[in-house]
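Structure, as structure tokens:
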Amino acid sequence: MNECNTKKQRPHLRMYLYELRKNAQLSIYEVTNNMLLSKPYYYQIEQGIKGHRMDVVFLNDLATVLKTDFETLCKGELEYQKERRSLGIRREGRWVMDDEI
């Protein structure tokens, strides 16, 4: 099969982030200004293209900007990651050493 014919897999959207942002009545511009991020980078996070391993400091700052609590944001991200794994988008195991398998 020719590599040109292989389709690039579409990212899985982070709808929970979109909904939290809309509930907070914030635009992407407002979120990115408060977080000191570029608009394209944050948009790619919402679109599921970037940010697959966001750290807790980033998540905490994002929760503050989105006017939600840290736990709600972490639960949303956990569900997002579980969906990605069930769809086969994320195949790698985390925190498992080869000799423990």
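Quick look at the values:
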{"item": "Filter result (among the charged types (D, E, K, R), free of Cβ contacts under 8 Å to residues at least 12 places away in the same chain and part of a helix (DSSP H, G or I)) within the range 38-82", "result": "LYS39, GLU71, LYS75, LYS82"}
{"item": "For GLY88: the one exception among (1) part of a helix (DSSP H, G or I); (2) under 12 Å from HIS12 (Cβ atoms)", "result": "(1)"}
{"item": "Test result for LYS7, at negative phi and modelled with pLDDT of 90 or more", "result": "no"}
{"item": "Number of positions in the range 35-73 that are of a type in the set (A, V, I, L, M), surrounded by fewer than 16 Cβ atoms within 10 Å (Cβ to Cβ) and over 13 Å from the mean Cα position of the chain (by Cα)", "result": "2"}
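The values are calculated or read from the model by the stated rules, or taken from the named source; none is laboratory data. Bear in mind that the values here come from a model prediction, so they are computed numbers and not experimental data. All Cβ positions, glycine included, derive from the backbone under ideal geometry; neighbour counts span all protein chains shown.
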